[in-house]
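**Student:** Take this structure first; my questions come after.
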Amino acid sequence: MYKYDLYDQAIIDARVDEFRDQVRRRIAGEITEDQFKPLRLKNGLYLQLHAYMLRVAIPYGTLSSRQLRMLARIARTYDRGYGHFTTRQNIQYHWIKLEQAPDILAELATVEMHAIQTSGESIRNISADHYAGAAADEIEDPRPWAELLRQATTFHPEFSYLPRKFKIAVTASPVDRAALRWHDFALRIVRDEARDTGFEVFAGGGMGRTPFLAYPIRAFLPAEQIFSYLQAVLRVWNRHARRDNIHKQRMKILVHELGEAEFTRQVEEEFGHVLKLGTDFPRVEYERISAHFAPPPFETGLSEDIDRSDPEFALWVDRQTVPHKAPGYAIVNVSLKKVGGIGGDVSAEQMDAVADVAEAFSFDELRVSHAQNLVLPHVRKQDLYMVWQALDAAGLADINLDLVTDIIACPGLDYCSLANARSIPVAQKIATRFADLDRQLDVGELKIKVSGCINACGHHHAGHIGILGVDRKGTENYQLLLGGSGAEDASPAKITGPGFDEDGIVDAVERAVERYRALRDPGERFLDTYRRVGFEPFKEAIYG
Amino acid sequence: MTLRFRDDDPHEEPAVTLDCFLTQEDAHAVRVEAGEDVRQLIPHFDRLKLVEIAFPRFRDGRGYSAACILRESGYTGELRAEGDVLVDQILFLRRCGFDSFAPVQPLDARLVEHALKRFPFVYQAAADAAVPVWKLRHG
Ligand code: SF4
């Protein structure tokens with residue numbers, strides 16, 4: 001894992017001091033709320049329905065046990081004893097007091113954490129494959145590049161007052177676990193014929209009210225030119241995006257209005273200018289960062305055998321673990337999607353429990369996935385049973401990775417001031433309807449995503465089944481969407497037709513699932529069947 | 001009141017619009033509105049003494065790119081940020097090459113000083129003289 005040096009620490013500490021002063025001036029009335037708002041947003045602080053919400057950055061979703069314990073401590077000391085992991089691999093707390101926010105940031109800084117640029121019109125915390133460094137299918141660990149870009153984009157003077165938010169993701173596998181094409185700017189590590197590392201670059205994706213998939217803007221970019229290329233993209237957007245309508249200021253809109261060819265041309269022209277400035281970080285700096293991500297000392301000669309005599313455990317192993325690149329190891333997914341619970345929510349006690357497990361069994365490392373689950377990246381197969389027991393004792397041994405109850409839902413009307421409808425209760429009702437594990441396993445991979453309004457924080461556009469809360473003459477109403485994907489086969493979901501009330505949407509989901517079961521060919525996932533047979537059979541099932 | 005970080009004498013000639021500047025060959029000072037293309041000024045740097053860039057709202061970040069482009073293209077004259085210019089943006093503005101400020105609301109000199117001194121290190125090279133930490137790390 002990356003360790004701060006004195007420079008990183010000094011920058012983070014100065015940031016705490018700066019924000020403390022800004023909060024003081026706000027409370028003293030020296031600056032207006034309008035002036036303060038972008039400053040607090042750049043420190044992760046939103047004003048929600050009932051209180052402030054603080055979003056803490058977890059760069060590329062990687063955490064140490066010590067950091068997770070600090071997150072638990074913050075939950076206990078400053079919030080109501082829990083935190084909420086987000087779809088961008090961050091954590092947020094929903095019951096924060098403004099005057100305590102600087103103290104929280106100061107505590108975070110002691111474990112090399114911060115809330116910098118987790119909201120507002122800035123370059124957001126960079127996300128990455130949550131199996132990075134462990135996945136059997138990766139070309140190399142993408143996190144050194146993500147860390148390099150974290151530094152390059154932290155307090156970038158030219159790009160701190162952008163037209164809107166700007167989201168970056170990095171992966172290094174053919175399988176896309178980071179929803180690359182739903183980002184403003186996305187990188188997939190590839191190698192050219194000379195085996196040199198570079199990036200396949202995508203630009204202009206995003207959800208929100210007008211969903212666009214990022215398009216491939218560059219097939220191969222030499223890796224060490226990445227900062228110049230990113231700056232060129234940002235500059236074209238920063239200079240030419242509209243500033244008169246907040247809904248039209250995301251980069252995807254500019255790409256759409258200019259056309260991909262013209263946007264690419266302008267970026268390449270600007271890239272020619274920026275490259276000459278020599279702002280790219282040199283190879284030695286990449287190597288310094290990369291050394292922090294050296295693989296942990298994996299043991300050799302370990303057994304591949306897992307004692308499956310406990311049937312509950314065997315089910316959990318089959319669903320929650322995935323292949324690791326080192327023999328004798330597995331990647332463990334810890335579900336935060338208890339049926340009837342709030343997806344992504346974890347209590348302080350559970351955080352401490354997972355931190356203990358990570359320390360004892362996973363080289364002190366953890367990951368947060370964009371599906372709002374936790375990952376223990378490096379567990380010896382021979383330890384899986386103990387890990388399962390420890391997780392089970394903490395109430396974290398649920399079996400539902402990528403199944404129908406592994407639902408992503410935004411905070412919705414329970415917390416969010418922009419919401420049209422509640423998301424959490426809908427997710428809970430669907431999960432309860434499908435709670436039976438045999439039924440879930442029979443249905444197989446099915447990604448349901450729920451947003452409480454058109455802003456799409458619950459990623460409904462990327463759901464195999466998406467649900468969008470709308471306001472219909474003052475009552476909460478839910479639209480059903482089908483056929484979205486955030487994986488390497490990315491596609492936007494399509495609205496089926498008229499919306500439903502809260503119970504109606506649960507029934508509609510069930511009808512869609514049953515139609516899939518009736519139509520599927522052997523081995524087909526819900527999404528595969530939908531793509532093969534098309535929209536109509538599902539529409540007919542849903543609306544009768 | 002204009003806050004200046006330059007040793008030369010202020011250029012007192014009123015700034016004209018970009019269109020006027022491009023046609024009036026004896027003009028030395030130009031005012032650039034947010035969204036106008038400063039690259040049009042590049043052929044005229046030898047007669048240019050003052051560029052004033054408008055900040056209609058402090059959240060409008062176009063002026064930051066305009067300033068960077070001017071500095072990296074070799075402009076060394078006065079570069080002024082005018083309009084909704086606040087103390088909490090002043091560090092980034094300085095880093096993008098602005099060396100004078102004409103805020104609508106006066107700035108507190110003490111806060112400006114703190115804001116400019118607070119961060120001991122920066123991660124990336126910009127239009128100022130600050131050395132990025134990658135360079136400090138590797139000598
Ligand atoms: S999708 Fe809408 S309701 Fe849900 S969190 Fe985002 S803004 Fe709030």
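The values are calculated or read from the model by the stated rules, or taken from the named source; none is laboratory data. These numbers were taken from a predicted model, which means no experiment stands behind them. As a convention, Cβ positions derive from the backbone with ideal geometry for all residues, glycine included, and neighbour counts pool all protein chains shown.
**Student:** What number of residues within region B:43-63 satisfy the criterion of being surrounded by 14 or more Cβ atoms within 10 Å (Cβ to Cβ), in contact (Cβ under 8 Å) with a residue 24 or more places away in the chain and within 12 Å of chain A (Cβ to nearest Cβ)?
**Tutor:** Result for region B:43-63: 6.
**Student:** Right, next: Failed condition for A:A294, given (1) surrounded by 15 or more Cβ atoms within 10 Å (Cβ to Cβ); (2) aliphatic (A, V, I, L, M); (3) outside any helix (DSSP H, G or I), with all others met?
**Tutor:** Going through the list (1) surrounded by 15 or more Cβ atoms within 10 Å (Cβ to Cβ); (2) aliphatic (A, V, I, L, M); (3) outside any helix (DSSP H, G or I), A:A294 breaks only (1).
**Student:** Right, another one. Buried (at least 22 other Cβ atoms within 10 Å of the Cβ) and away from chain B (no Cβ under 14 Å): is that true of A:A194 in this structure?
**Tutor:** It is false that A:A194 is buried (at least 22 other Cβ atoms within 10 Å of the Cβ) and away from chain B (no Cβ under 14 Å).
Residue by residue, here is whether (1) under 18 Å from A:I123 (Cα atoms); (2) at pLDDT 95 or above; (3) more than 9 Å from every other protein chain (Cβ to nearest Cβ) holds:
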position	(1), (2), (3)
A:W237	yes, yes, yes
A:N245	no, no, yes
A:K248	yes, no, yes
A:R265	no, yes, yes
A:D280	yes, yes, yes
A:V284	no, yes, no
A:A291	no, yes, yes
A:P295	no, yes, yes
A:E299	no, yes, yes
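**Student:** Which residue, of B:F92, B:F101, is assigned to a strand (DSSP E or B), farther than 20 Å from B:H44 by Cα and aromatic (F, W, Y)?
**Tutor:** Just one listed residue meets the conditions, B:F101.
**Student:** Counting only residues that are aliphatic (A, V, I, L, M), within 14 Å of the ligand (Cβ to nearest atom) and either under 21 Å from A:E540 (Cβ atoms) or touching a Lys or Arg at 6+ places or on another chain (Cβ under 8 Å) (or both), how many does region A:440-467 have?
**Tutor:** Count: 4.
**Student:** A:L413 fails exactly one of the following numbered conditions: (1) within 22 Å of A:L468 (Cα to Cα); (2) more than 14 Å from the ligand (Cβ to nearest atom); (3) aliphatic (A, V, I, L, M). What is the number of that condition?
**Tutor:** For A:L413, the failing item is (2).
**Student:** When residues of region B:13-32 are filtered for being touching a strand residue (DSSP E or B) at 6+ places or on another chain (Cβ under 9 Å) and either part of a loop (DSSP other than H, G, I, E, B) or aromatic (F, W, Y) (or both), how many remain?
**Tutor:** Final tally of qualifying residues: 7.
**Student:** Being within 14 Å of chain B (Cβ to nearest Cβ) and either of a type in the set (D, E) or farther than 29 Å from A:Y7 by Cβ (or both) narrows it down to one of A:P163, A:P174, A:P144, so name that one.
**Tutor:** Criteria check complete, one pass: A:P163.
**Student:** Could you list all residues from region A:27-63 that are under 30 Å from A:G133 (Cα atoms) and more than 15 Å from the chain's Cα centre (by Cα)?
**Tutor:** A:K42, A:N43, A:G44, A:L54
**Student:** Kindly list, by first and then second residue, each pair from a residue in region A:439-457 that is more than 22 Å from A:N477 (Cβ to Cβ) and assigned by TED's automatic domain parsing to the domain that holds A:E510 to a residue that is charged (D, E, K, R) and more than 9 Å from the ligand (Cβ to nearest atom), limited to pairs with Cβ atoms under 6 Å and residues at least 6 apart or on different chains.
**Tutor:** From residues that are more than 22 Å from A:N477 (Cβ to Cβ) and assigned by TED's automatic domain parsing to the domain that holds A:E510, the pairs are A:G444/A:R525; A:E445/A:D402; A:E445/A:R525.
**Student:** Could you check region A:420-457 and list, in sequence order, the residues that are part of a loop (DSSP other than H, G, I, E, B) and either farther than 30 Å from A:P522 by Cα or at pLDDT below 95 (or both)?
**Tutor:** Across region A:420-457, the qualifying residues are A:N420, A:A421, A:R422, A:S423, A:G452, A:C453, A:I454, A:N455, A:A456, A:C457.
**Student:** Then there is this: Has region A:200-212 got at least one residue that is surrounded by fewer than 17 Cβ atoms within 10 Å (Cβ to Cβ) and within 13 Å of chain B (Cβ to nearest Cβ)?
**Tutor:** Within region A:200-212, none of the residues are surrounded by fewer than 17 Cβ atoms within 10 Å (Cβ to Cβ) and within 13 Å of chain B (Cβ to nearest Cβ).
**Student:** Something else about it: Scan the strands (runs of 3 or more DSSP E) fully inside region A:159-211 and keep the ones with 1 or more residues being of a type in the set (F, W, Y).
**Tutor:** Hits in region A:159-211: A:185-191, A:197-203.
**Student:** Hey, among the residues in region A:1-45 that are more than 8 Å from chain B (Cβ to nearest Cβ) and in contact with a Lys or Arg (Cβ under 7 Å, 6 or more places away or on another chain), which one's nearest to B:Q124 (Cα to Cα)?
**Tutor:** So the residue we want is A:G44.
**Student:** Please indicate, with yes or no, whether at least one residue in region A:406-429 is out of contact with any strand residue (DSSP E or B) (no Cβ under 8 Å at 6 or more places or on another chain), farther than 28 Å from A:K473 by Cβ and among the hydrophobic types (A, V, I, L, M, F, W, C).
**Tutor:** no
**Student:** Tell me whether region A:396-404 contains one or more residues that are more than 12 Å from the ligand (Cβ to nearest atom), out of contact with any helix residue (DSSP H, G or I) (no Cβ under 8 Å at 6 or more places or on another chain) and of a type outside the set (S, T, Y).
**Tutor:** Yes, region A:396-404 contains a residue that is more than 12 Å from the ligand (Cβ to nearest atom), out of contact with any helix residue (DSSP H, G or I) (no Cβ under 8 Å at 6 or more places or on another chain) and of a type outside the set (S, T, Y).
**Student:** Just need a number here: residues in region A:307-321 that are surrounded by fewer than 17 Cβ atoms within 10 Å (Cβ to Cβ) and hydrophobic (A, V, I, L, M, F, W, C).
**Tutor:** The qualifying residues number 2.
**Student:** Follow-up question, since we're still on this one. For region A:273-288, which positions are of a type in the set (A, V, I, L, M, F, W, C) and free of Cβ contacts under 8 Å to residues at least 24 places away in the same chain?
**Tutor:** Selection gives A:V284 alone.
This table checks each residue for (1) modelled with pLDDT of 95 or more; (2) part of a helix (DSSP H, G or I); (3) among the acidic types (D, E).
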| residue | (1), (2), (3) |
| --- | --- |
| A:E18 | yes, yes, yes |
| A:R55 | yes, no, no |
| A:L71 | yes, yes, no |
| A:L105 | yes, yes, no |
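**Student:** Condition test on A:G463, is it buried (at least 22 other Cβ atoms within 10 Å of the Cβ) and in contact with a Leu (Cβ under 8 Å, 6 or more places away or on another chain)?
**Tutor:** Yes; evaluated as a whole, the condition is true for this residue.
**Student:** Checking the structure you have, find out if any residue of region B:102-116 is among the aliphatic types (A, V, I, L, M), within 28 Å of A:N245 (Cα to Cα), away from every other protein chain (no Cβ under 11 Å) and surrounded by fewer than 21 Cβ atoms within 10 Å (Cβ to Cβ).
**Tutor:** Yes; the residues of region B:102-116 include at least one that is among the aliphatic types (A, V, I, L, M), within 28 Å of A:N245 (Cα to Cα), away from every other protein chain (no Cβ under 11 Å) and surrounded by fewer than 21 Cβ atoms within 10 Å (Cβ to Cβ).
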